[in-house]
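Derivation of every value follows stated rules applied to the coordinates shown; laboratory data play no part. Note that the structure is a prediction, hence the values are computed from the model and not measured. Note that each Cβ is placed from the backbone with ideal geometry, even for glycine, and that neighbours are counted across all protein chains shown.
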Amino acid sequence: MRRPDEPTTSGPDRTIALRGNVLVLTEDPELLAAQLDGSNVLTPAELLRRPLRNNISTDEMIPGWCCYWYDEKLGDYAYLGLRERRFGEGAVRAFAPQVVVSGEAKGSGSSREHAVYAEKYCGVQLVFARSFERIYQQNCRNVGIVTCDDFDVLGALLNGEELPLEAFTRSANDMERAIIDLGGLFGFNRGHRDGKRPSIRPVFDGERPLNIVEKIVQSRLSPRNGLPGGSSVRVGESYFVEADVRFSHEYVTPMAAGMFTQQFGAEATLSDPESCYFFQDHLSLADQVLTRRPRGLELIERVHNLGRRQEEFATLGGGRFIGPSDNGGSRAICHNYIVENVAWPGDVIIGTDSHTCTAGAVGALAFGVGATDIANAWYNREILVKVPEVIRINLVGRLRQGVCAKDLMLTLLAHPMIEGSQTLGKVLLFSGPGCSATNMDERATLCNMAVEAGGMTALFEPDDVTRGHLSERPGPARDTGALALASDREATYSSVVDIALAEVEPMVALPGDPRNAVPLAVVHGDVKVDKVYGGSCTGGKAYDMDMYASVFELARSRGMAVPAGVQAYIQVGSEAVMKYAVERGYITLFEDVGVQVLPPSCGACINAGPGVSESPAEVTVSAQNRNFPGRSGPGQVYLASPYVVAATAISGRLSSVETMLGTEARP
């Protein structure tokens, strides 16, 4: 067995034994720190009997600002974002763990492959967890880190056994196992190309009724695993499919561009560059907050380098560069732009951002990927898709006035059939009569936050709302036959969840995790706020502006405004949304009540723009999609709907519209 510092070996005959350190990520921060500083007296087996950390997000594995690097420096930043951290920069790397262990849903949140590389550059070869988020596990597999959810195998390792690789990969399908055997996706491709390993023959079912997700996957199968006659794709089987749209942003493009050149050569070109989009949207306002931080000038220069590298790669490759706006910020947040201008029913859309699923609102199969996957797809358009189980969310009735899609999504996060790890890797398919009353922007909110539920993605089947949205786009229509795409009547689902929309009430997610969702009415005590943020891909759409404006108009008519000591921001998601808001007088309205309007950018949501917290004592109420520790600064972040965000801005404390007004009136 190799030493932990030796290059990863590959092949199905590989064996693994415990030769290095084991880092057990316990809930107790002191126990975790003791492992790293050498004062720990417990064995790994004893540590495993302590509560393990669940839902460790990629924000905790590596904070956003650390992603300004994309080389071995990432190893110094491993786990710097952990809650109640008791260790410093470089501590995990110095410990050099061969094995890392945690609880449920390891790798939730962002698709950033930087998190996986931070572990890899620390020497990590094996990651054990009770369950894994899809993107994180695929990123691990792509770079040669082995993941396993079988703690009996972990016990055998701790007992000194040397085990065959297959002991760790029993739950993987043949295609996934082949990638693991060959040390990652690029190694698999080389082996496939050089004939070092026989082609994997995916397994298919016979003809059967299909849901819309299965139909889209089947329609986009790559020629290298084409569909035999009289067959259908099988749930749980992995196939290479051809992506219709590929996009990345400045956080990830430079890392992926380096991989692209290294793997395919300096003369390699983008396949179908017209369908490759490059967005400079995440860090377009970062300068405004980085100047106040330690090493601020260094961080700003790194941000600028990321942007320059991205634009250079996009320009040389002939891709579509969606860069800075003449009026500051970006032209659009990537997800808003894709829904507004690009996504079409039946498309396969991949992006280097976990919220790529937003485009499911239009009926596309859209999901986030890491840097390795996008680099590979730039070259051959292919992406490996494990056919997911589908949960059908049957919407019935209508939401009450003053209740919106954000409340519905937070309700779903706490639903007994959705909460926990029940949705990991699955797709949420919104259906039922209640869909007809859900506009495109609200659909985008629901699909956007599917990843917060652990899902692969979400989508709506095309209907009159879809057709209306697409008809407003300039230029000729694409394949109109895709507008009829629908699940077969006898299609099967892993479960069906019925939601009576009239019973949904205003919700809020308590700090730390979007899944900490509770009805606003049960939040007791006076939660005073320092900042209020309405924006991001979740809360910066045109209909979100309508909701903010409905509350602020009530406030202005009563002479109310944002109180002293509270900073309130509304950030639009695209230039199109800014135009919409200007035409309706919303910008003037927002400014009249004391709200600062910001141009398009991911901004505060990614801790890179106005609205971020500056200290742990600060409290923010936000319309964004996630509130993991450190995600938007060191403070405490509550997630809420645009209605509640606006009411909170006027009240200066977490508030419903009724509380803000002191009446029972609703907007």
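Structure notes:
- The range 347-487, relative contact order [Cα under 8 Å, separation at least 6], %: 30 percent
- For the range 507-661, the equivalent ellipsoid derived from the alpha-carbon gyration tensor has semi-axes of 21, 18, 13 Å in decreasing order.
- Compared with the dominant Cα axis of the chain, that is its longest principal axis, helix 185-194 is turned about 50°.
- Anisotropy class of the range 145-215 from Cα gyration tensor, a/c 1.5 cut: oblate
- Contact order relative to length of the chain, as percent, for alpha carbon pairs under 8 angstrom and 6 or more apart: 13 percent
- Global form of the range 369-501, assessed from the alpha-carbon gyration tensor, a/c cut-off 1.5: oblate
- Packing-based exposure ordering (other Cβ within 10 Å, fewest first) of 383, 300: 300, 383
- Computed on the range 242-383, the Cα convex hull volume stands at 107 Å³ per residue.
- Aspartates and glutamates with Cα under 13 Å of residue 531, excluding same-chain neighbours fewer than 8 positions away: 614, 618
- Helix-only mean residue ellipticity at 222 nm for the chain, each DSSP H run of n ≥ 4 adding -39500 (n - 2.57), per residue, nearest 500: -8500 deg cm²/dmol
- Linear extension gain, residue 190 paired with residue 227, 0.36 nm per residue minus alpha-carbon span: 11.0 nm
- Between the range 338-382 and the range 212-287, the Cα center-to-center distance that results, in Å: 7 Å
- The residues neighbouring residue 131, those whose beta-carbon lies less than 10 Å from its own, together hold a net charge of -1 under the Lys/Arg +1, Asp/Glu -1 convention.
- Of the GluC sites (Glu not before Pro) found in the range 410-517, those that fall in a DSSP loop while having at most 10 other beta-carbon atoms within 10 Å are 472, 490.
- Shape analysis of the range 81-219 yields a ratio of the Cα radius of gyration to the Kirkwood radius, Rg/Rh, of 1.02.
- One decimal place: the segment residue 94-residue 130 gains 10.4 nm when fully extended, by the rule 0.36 nm per residue minus the C-alpha distance.
- DSSP bridge analysis restricted to the range 1-147 gives an antiparallel fraction near 10%, rounded to the nearest 5.
- Under 19 Å from the Cα of residue 120 - lysines, other chains or at least 8 residues apart: 73, 106
- In the chain, the longest principal axis of the Cα atoms and the axis of helix 371-380 are about 80 degrees apart.
- With both residues required to sit in the chain, DSSP beta bridges show an antiparallel share near 25%.
- Partners for residue 215 among lysines (Cα-Cα distance below 17 Å; same-chain residues under 8 apart left out): 386, 426
- Ratio Rg/Rh [Cα only; Rh per Kirkwood] for the chain: 0.95
- Relative contact order of the range 242-383: 34 percent, from C-alpha pairs under 8 Å at least 6 residues apart in sequence.
- Stretched out straight at 0.36 nm per residue, the stretch from residue 614 to residue 167 would grow longer than its current Cα-Cα span by 156.3 nm.
- For the range 183-247, a Kirkwood radius taken over Cα pairs fed into Stokes-Einstein (4 °C, viscosity 1.567 mPa s) yields D = 98 µm²/s.
- Seen from all directions on average, the range 15-154 presents a Cα convex hull projection of 7.5 nm².
- Rounded to the nearest 20, the size of the Cβ-charge dipole of the chain about its Cα centre is 340 debye, with Lys and Arg at +1 and Asp and Glu at -1.
- Label-reachable residues, the range 296-319, where backbone N falls under 11 Å from a point 7 Å from residue 287's Cα toward its Cβ: 300-301, 304
- Set the Cα radius of gyration of the range 444-535 against 2.2 N^0.38 Å, with N its number of residues, and you get 1.53.
- Alpha-carbon centroids, the range 420-482 and the range 616-649: separation in whole Å: 25 Å
- Tilt relative to the chain, helix 642-651 - C-alpha long axis, 0 to 90 degrees, to 10: 60 degrees
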